[in-house]
Amino acid sequence: MHLIQVDSVQRWMEDLKLMTDCECMCVLQSKPISIEKDEENEFVLSSQHSTCDNLQLLLKRAWIISTEFTRIAQKLEKNKWQRVHSMTVRVNCHVRSMINEHNMFTRNSSEEMHQFEKLLIDKCSEFTTFTERCIQIEDEQIQKSMKSCINETLCTVAHYFGQLIELILTHETQNLLRQIELSDNVYITELALSSLFSLTQEGAHLCRIIAKEGGVVALFKICRQDCFRGLYPQTLRTLASVCCVEEGMHQLEKVDGILCLADILTDSSHSEATRAEAAAVVAQITSPHLTFTQHLSSFLENMEEIVTALVKLCQEASSGEVFLLASAALANITFFDTVACEMLLQLNAMKILLAACSDKQIVDTPYSRDQVVTILANMSVLDQCASEIIQGNGVQLLLEMLFEKSSSGNSAEAAACERVQQKSAVTLARLSRDPEVANAAVKLSSIPRLVKLCRSPTERNNSDSVLVACLAALRRLAVMSPEGLEDLDFQQLVKPRLVDSFLLCTNMEESFV
């Protein structure tokens, strides 16, 4: 399950709230203290406003129990019988607490769920009794012979626990989607959307449940009602998360979701935030990393309208975030085929993107530059692209991107910087088949920078992909302008086979003198 990375002490403090005194729990058998009728009504009312919090509590409790199962298996492997028993007691308490907490904020649980709850509690009690019997046996051989039975029981308990969690999450998802579909109240719908979005952030499995229960259909229903216009950005953000799984894509195809997205993007009456979130959905469903592409046929039918709207959004973007979302969608679309790249060329996208890069308020992160250089790299296969690059001072921009460095040391940002360096070198290599571009690159001292990236691993963050791209660009420029290279560089980086130059550069030891 997805957990936010936090300080270990903070994590311990949060988990401590969920820990229970095992002895007390064993005595009480986790029976809830009854509440007066008037207090009960007050509780039900307040719980409606904290569905999201209740689900988060449930997920945290489930994570703790899953972790305990793993630890029990580890202790069992080491024959730590006393620890196995105490941890089993603790798991028993956690399971009972989780079930009671869920029953307190859920009003319409199914009979199937109650049966699973009873079955799980019985299995946990049986497991606790079994481990207690083991610690009373002093003969190690008998204990070892019982290990396989305990393992089997542990697997059974974990299986029933997994099925119960699946039922609970499905039930809560159904409740949220029912609220979204039946409510015409903006406030109630917004609360349900917030809880649903929170669930999507817990990982692909939750997104599959939401898609399977008709989440994509319900979300697009909101996007087709004018009374919910204020909720469009939040709805589209949730859609982008659900569409990271194949089940979400299937649902999107069934409800003509791509046509709806095209309508939103091309309608200037929608807010920039709404169109930006629609661009984010497009970026998600066109990701080149997806293995399922059956939805792309309907996308191609609407591609021209979508690409035109995205270029306009890039041009008019009021913030770096809006530009990032629109350019990410365009970057993914350029991976389809050269038709998308030809469309961009006709729409003067090259000029718009190069102009945006000079505005540090708009293209303000390595992530945005990564999207821009991806588009440039994919467009550079077209012969007409070279003149556009020259006119827009694009060679200078590509050279600047070869100097891309992470300022924060963040691993994600460092990876984005590597991609920027690699793709700018690839773009230079492709465009340098045009003598005018090659000459401009040589005049701007691109060769010394490429040589340094090849010879100095720290300059390229030890990236092999950057090295290969730089070697390719250097060889292309050397053909067009051999006088720009020193003899040693030519002998080591250009003349040998590419693989030999690569091995030479990867085996270089940096001098610290």
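The values are calculated or read from the model by the stated rules, or taken from the named source; none is laboratory data. Given the structure is predicted, the values throughout are model-derived calculations rather than measurements. Backbone-built Cβ (ideal geometry, glycine too); neighbour counts: all protein chains shown. All accessible areas refer to the heavy atoms of the entire protein, side chains included, with ligands and DNA or RNA removed. Shrake-Rupley method; radii C 1.70, N 1.55, O 1.52, S 1.80 Å.
For the range 216-245, filtering for residues that are of a type in the set (F, W, Y) and in a loop (DSSP other than H, G, I, E, B) leaves 0. Do we find a residue being in a helix (DSSP H, G or I), farther than 21 Å from C227 by Cα, open to solvent by 30 Å² or more (accessible area, probe 1.4 Å) and not charged (D, E, K, R) anywhere in the range 258-277? No: the range 258-277 contains no residue that is in a helix (DSSP H, G or I), farther than 21 Å from C227 by Cα, open to solvent by 30 Å² or more (accessible area, probe 1.4 Å) and not charged (D, E, K, R). For the range 85-112, how many residues meet the condition of being at pLDDT below 85 and either part of a helix (DSSP H, G or I) or within 18 Å of I65 (Cα to Cα) (or both)? Counting residues in the range 85-112 that are at pLDDT below 85 and either part of a helix (DSSP H, G or I) or within 18 Å of I65 (Cα to Cα) (or both) gives 7. When A211, A204 are checked against the criterion of being open to solvent by 20 Å² or more (accessible area, probe 1.4 Å) and not β-branched (V, I, T), A204 stands alone in meeting it. Is the range 491-498 home to any residue that is open to solvent by less than 10 Å² (accessible area, probe 1.4 Å) and modelled with pLDDT under 90? Checking the range 491-498: at least one residue is open to solvent by less than 10 Å² (accessible area, probe 1.4 Å) and modelled with pLDDT under 90. Among all positions in the range 329-339, there is no residue which is modelled with pLDDT under 95, in contact with a Lys or Arg (Cβ under 6 Å, 6 or more places away or on another chain) and open to solvent by less than 10 Å² (accessible area, probe 1.4 Å).
Condition (residue is outside any helix (DSSP H, G or I) and touching a Ser or Thr at 6+ places or on another chain (Cβ under 9 Å)) applied to the range 409-422: is it met by at least one residue? Checked the range 409-422: no residue is outside any helix (DSSP H, G or I) and touching a Ser or Thr at 6+ places or on another chain (Cβ under 9 Å).
Going through (1) under 33 Å from the mean Cα position of the chain (by Cα); (2) at pLDDT below 85 one by one, K144 falls short only on (1). Of all residues assigned to the range 285-303, at least one qualifies as being assigned to a helix (DSSP H, G or I), under 27 Å from A192 (Cα atoms) and open to solvent by less than 60 Å² (accessible area, probe 1.4 Å).
This table checks each residue for (1) open to solvent by 10 Å² or more (accessible area, probe 1.4 Å); (2) over 35 Å from the mean Cα position of the chain (by Cα); (3) without any contact (Cβ under 8 Å) to a residue 60 or more places away in the chain; (4) closer than 18 Å to L493 by Cα.
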| site | (1), (2), (3), (4) |
| --- | --- |
| I390 | yes, yes, yes, no |
| G394 | no, no, yes, no |
| S406 | yes, no, yes, no |
| E418 | yes, no, yes, no |
| K423 | yes, no, yes, no |
| L428 | no, no, yes, yes |
| S432 | no, yes, yes, yes |
| A440 | yes, yes, yes, no |
| K443 | yes, yes, yes, no |
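When you check A478 against the structure, is it touching a residue at least 40 places away in the same chain (Cβ under 8 Å), in a helix (DSSP H, G or I), in contact with a helix residue (DSSP H, G or I) (Cβ under 9 Å, 6 or more places away or on another chain) and within 19 Å of Q396 (Cα to Cα), yes or no? When the stated conditions are applied, A478 does not pass them.
Matching residues to (1) in contact with a strand residue (DSSP E or B) (Cβ under 9 Å, 6 or more places away or on another chain); (2) assigned to a loop (DSSP other than H, G, I, E, B); (3) modelled with pLDDT of 65 or more:
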position: S34; (1), (2), (3): no, yes, no
position: E40; (1), (2), (3): no, no, no
position: S47; (1), (2), (3): no, no, no
position: D53; (1), (2), (3): no, no, yes
position: W63; (1), (2), (3): no, no, yes
position: T67; (1), (2), (3): no, no, yes
position: R71; (1), (2), (3): no, no, yes
position: N79; (1), (2), (3): no, yes, yes
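Going by the conditions given, is I165 touching a residue at least 60 places away in the same chain (Cβ under 8 Å) and in a helix (DSSP H, G or I)? Criteria met by I165. Answer with yes or no whether E126 is assigned to a helix (DSSP H, G or I), at pLDDT 90 or above and of a type in the set (D, E). When the stated conditions are applied, E126 does not pass them. Assess whether S318 counts as being more than 17 Å from the chain's Cα centre (by Cα), outside any helix (DSSP H, G or I) and loosely packed, with under 15 Cβ neighbours inside 10 Å. In short, yes.
Evaluated against (1) under 27 Å from the mean Cα position of the chain (by Cα); (2) open to solvent by 10 Å² or more (accessible area, probe 1.4 Å); (3) over 14 Å from L310 (Cβ atoms), Q384 falls short on exactly one condition, (1).
If you scan the range 181-194, which residues turn out to be open to solvent by 10 Å² or more (accessible area, probe 1.4 Å) and closer than 14 Å to Q234 by Cβ? The answer is V186, Y187, I188, E190, L191, S194. Per the conditions (1) crowded, with 20+ Cβ neighbours inside 10 Å; (2) over 20 Å from the mean Cα position of the chain (by Cα), the sole criterion not satisfied by E253 is (1).
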